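J.: My questions all concern the structure below.
All of the numbers you see were taken from the coordinates with simple rules; none came from a lab. Note that the structure is predicted; figures quoted are calculated from it, not measured. For neighbour counting, all protein chains shown are included, and Cβ atoms are generated from backbone atoms with ideal geometry for every residue, glycine included.
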Amino acid sequence: MLITYHSHSCVRISTRSHEVLVDPFFTGNPAAQTSADDVPADFILLTHGHQDHVGDTEAIARRTGATVVANYEIASYFGHKGLSTHGMSIGGAHDFAFGRLKLTIAHHGSGYPGPDGNMLYFGQPAGLLISAEEKTVYHAGDTALFLDMKLIGERHPIDLAILPIGDNFTMGVDDALHALELLKPKSVLPVHYNTFELIRADVDGFAKGAEQRGVRPVVPEVDRPFEL
């Protein structure tokens with residue numbers, strides 16, 4: 001399994017047979033180095049409905065034929081646009097061609113700009129537990145720290161936790177480090193930081209704190225894949 005960090009919260013998981021893209025925000029993303037026209041995808045997983053996570057979902061799905069997997073509200077929205085979709089809800093799990101996906105809680109918002117400028121309700125935000133090729137990846141989405149992370153870690157041994165550290169809209173460095181103590185993953189990939197000035201964070205300090213807690217930090221260059 002290869003993991004590619006495409007900046008912000010966008011991560012691509014490449015199994016032996018499928019490309020799984022999470023929160024594909026390329027257009028308008030100052031940290032992105034890949035165009036939405038070039039990224040491969042068989043499945044697009046969305047954690048919630050904010051524009052910097054939904055991003056280029058529609059364009060990529062139309063180009064690649066990828067199935068959009070998200071909460072029921074987001075899946076319904078894209079289904080009405082003619083895309084292939086699969087709706088889920090918090091706590092539910094499903095077996096897909098790439099592996100098994102389970103939605104967890106996340107404490108955040110989920111709204112998308114409608115054609116009249118008003119926000120559309122896009123359902124509950126979610127975290128993603130992805131199990132494939134005998135590995136488990138937990139993408140927390142945009143979230144605050146919450147105590148049930150301990151339960152997630154106890155029930156699902158995590159090989160890689162993908163956690164936001166940018167503060168203001170999500171956990172900051174200190175809370176993300178505490179999340180590691182609850183989740184107890186083998187390794188951690190920090191996301192949702194430094195894309196914009198408002199979410200600038202000390203990623204080196206986070207990496208050192210992770211090491212002190214016995215968790216291997218992975219801070220790759222954008223678009224450079226690493227093996228899990």
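J.: Find me the longest stretch of the chain that has none of the exposed GluC sites (Glu not before Pro), where exposed means in a DSSP loop (not H, G, I, E or B) with at most 13 other Cβ atoms within 10 Å.
T.: 1-132
J.: List ARG62, ARG213, ARG12 from most exposed to least, where exposure is judged by having the fewest other Cβ atoms within 10 Å.
T.: Fewest-to-most Cβ neighbours within 10 Å comes out as ARG62, ARG213, ARG12.
J.: Once fully extended, how much extra length lies between ALA144 and LYS208, figured as 0.36 nm per residue of separation less the alpha-carbon to alpha-carbon distance?
T.: Working it through step by step, the gained length comes to 20.9 nm.
J.: I need the fraction of alpha carbon pairs in the chain separated by more than 23 Å, rounded to a whole percent.
T.: Counting every Cα pair in the chain, those more than 23 Å apart make up 41 percent.
J.: Below 8 Å, C-alpha to C-alpha, sequence gap of six or more: please give me the relative contact order for the chain in percent.
T.: 17
J.: Once the Cα atoms of region 2-87 are picked out, what are the Rg and Dmax in Å?
T.: So, for region 2-87, Rg and Dmax equal 11.7, 32 Å respectively.
J.: Continuing with this model, one more query. Can you count the Lys pairs in region 2-217 whose Cα atoms are under 21 Å apart, with each pair 8 or more apart or on different chains?
T.: Lysine pairs satisfying the spacing and distance rule in region 2-217 number 11.
J.: Take the Cα gyration tensor of region 10-60, multiply each eigenvalue by 5, square-root it, and list the three semi-axes largest first, rounded to whole angstrom.
T.: 17, 12, 9
J.: Right, something else. For ARG216, list long-range residues whose amide hydrogen, built 1.01 Å from N in the peptide plane, is under 5 Å from its own amide hydrogen.
T.: When sequence neighbours closer than 5 places are left aside, the close amide H contacts are SER187, VAL188.
J.: Using a basic spin-label model with each label point 7 Å from the Cα along Cα→Cβ, how many nm lie between ILE90 and ASN118?
T.: Distance between the two pseudo-spin positions: 2.5 nm.
J.: What ³J(HN,Hα) values, in whole Hz, does the Karplus curve 6.51 cos²θ - 1.76 cosθ + 1.60 give for region 102-107 when θ = phi - 60°, with x put for Gly and Pro?
T.: Couplings: 10, 8, 10, 5, 8, 9 Hz.
J.: Hey, what angle do you get for helix 203-212 against the long axis of the chain, alpha-carbon based, 0 to 90 degrees rounded to 10?
T.: 50
J.: How would MET88, MET149 line up from fewest to most surrounding beta-carbon atoms within 10 angstrom?
T.: The fewest-first ordering by Cβ neighbours comes to MET88, MET149.
J.: For a footprinting-style exposure proxy, rank ASP202, ASP95, ASP52 by other Cβ within 10 Å, fewest first.
T.: Placing the least packed residue first, the sequence is ASP95, ASP202, ASP52.
J.: At 0.36 nm per residue, minus the direct Cα-Cα distance, what do LEU151 and THR27 gain on full extension? Give it in nm, one decimal, please.
T.: Length gained between LEU151 and THR27: 41.0 nm.
J.: Restricting things to alpha carbons, tell me how big region 129-211 is in terms of Rg and Dmax, in Å.
T.: In Å, with Rg to one decimal and Dmax whole: 12.2, 38.
J.: How large is ³J(HN,Hα), in whole Hz, for each residue of region 60-66 in order, when computed from phi with the Karplus curve 6.51 cos²θ - 1.76 cosθ + 1.60 and θ = phi - 60°, using x for Gly and Pro?
T.: Working through the residues one at a time gives 5, 5, 5, 6, 9, x, 5 Hz.
J.: Residues in region 1-38 near a label at PHE196, defined as backbone nitrogen under 17 Å from the 7 Å Cα→Cβ point?
T.: 7-10, 24-32
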